[in-house]
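Let me begin by presenting the structure, written as structure tokens, before commenting on it.
The values are calculated or read from the model by the stated rules, or taken from the named source; none is laboratory data. What you see is a predicted model; the values in this text were computed from it and never measured. Virtual Cβ from ideal backbone geometry, glycine too; neighbours counted across all protein chains shown.
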Amino acid sequence: MNMVTVISLLGLLFLAKSTNAETYTVGGPKGWTFGIKKWPNGKSFVAGDVLDFGYNPKMHNVVLVDQTGYDKCKTPEGSKVFRTGSDQIELVKGDNYFICNLPGHCQSGMKIYINAA
């Protein structure tokens with residue numbers, strides 16, 4: 001194979017991978033709500049997949065946090081807070097942590113952790 005062919009094939013592989021992203025409705029039919037901490041179990045996520053968080057914005061939010069924020073149900077300074085009620089968030093490779101930071105919500109299981117390949 002010549003170099004042009006190899007580069008072309010690599011480009012096609014990259015495009016094929018980037019177009020295979022899945023969209024997941026967080027929590028299924030219930031949406032982003034209490035007691036969904038185990039919702040990701042059994043699912044295989046990859047970087048580029050999109051999480052669709054559907055919820056009542058008057059009652060909840062979504063906060064992208066680090067592991068400490070997730071474990072302690074605290075919002076680290078500078079964390080991205082989503083409040084639209086229909087947030088679509090693309091997963092990054094590795095650890096992805098999400099909580100609702102309204103009082104008592106995270107502690108009641110309104111948080112998920114996803115490791116994306």
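Here G104 fits the description: over 26 Å from A117 (Cβ atoms) and modelled with pLDDT of 95 or more.
Within the stretch 80-108, being out of contact with any Asp or Glu (no Cβ under 8 Å at 6 or more places or on another chain), under 17 Å from L51 (Cβ atoms) and hydroxyl-bearing (S, T, Y) holds for one residue alone: T84. For G85, are the conditions met, namely being without any contact (Cβ under 8 Å) to a residue 60 or more places away in the chain, surrounded by 13 or more Cβ atoms within 10 Å (Cβ to Cβ), under 25 Å from A21 (Cα atoms) and of a type in the set (G, A, S)? Yes. Is there a residue in the stretch 36-46 that is at pLDDT 95 or above, not in a loop (DSSP other than H, G, I, E, B) and not basic (K, R)? For the stretch 36-46, residues at pLDDT 95 or above, not in a loop (DSSP other than H, G, I, E, B) and not basic (K, R): absent. Screening N96 against (1) buried (at least 19 other Cβ atoms within 10 Å of the Cβ); (2) over 24 Å from N20 (Cα atoms); (3) polar (S, T, N, Q) leaves a single unmet condition, (2).
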